[in-house]
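Laboratory data are not the source of any read-out in this text; all were calculated from the coordinates shown. Given the structure is predicted, the values throughout are model-derived calculations rather than measurements.
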Amino acid sequence: INPKKHNIMKRFLLLLSAIFLTNIAFCQNEVKVSDDDAIFFVVEVQPEFPGGLDSMYAFIQKNLIYPEKAKAEGIEGRVFITFTIEKDGSVSNVKILRGIGGGCDEVAKEVVEKMPKWKPGTQRGKPVRVQFNLPIKFELEKDKE
């Protein structure tokens, strides 16, 4: 066997192993606190915003106020938010995963905290707590010439 091909094959197998182990680590279905308080990431029936995704985006657009500081500094991008949809559909544990600054992070968090109750997610026919991640896009309007 050619030593170069052998090294390439070893690296390829090592990379495949790393990808496989990473997938196992990140594909866990739930985080256990206690049986009643488990937070699921994947459930049989996902939580749903009242009226569906289009209604959620309309709600965000209506309630999102672009911060003046971000406008002045030309800040654009996506703020990634994580939160829990509780068994009763309420939103809790709202946190910023990745922000862009200029006040956008705080505005995005406030909008998620204002959301109405969702239809909760279910597992085996019972409502459960579900972790939800959401990107919120901030984009300045371009001048039309």
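Could you give the length gained by full extension between GLU48 and GLU73, i.e. 0.36 nm per residue of separation minus their alpha carbon distance, to one decimal place? Extra length from GLU48 to GLU73 when fully extended: 5.5 nm.
Across the range 48-60, computed HN-Hα scalar couplings (Karplus, 6.51 cos²θ - 1.76 cosθ + 1.60, θ = phi - 60°) run 9, 5, x, x, x, 4, 4, 5, 5, 5, 5, 4, 4 Hz from first to last residue, x flagging Gly and Pro. Close amide H partners of ILE81, meaning residues 5 or more places away or on another chain with modelled amide H under 5 Å apart, are LEU97, LEU134, ILE136.
Among the listed pairs LYS95/LYS142; LYS95/LYS137; LYS71/LYS95; LYS87/LYS119; LYS117/LYS137; LYS87/LYS117, a Cα-Cα separation exceeding 18 Å is found for LYS95/LYS142; LYS71/LYS95; LYS117/LYS137.
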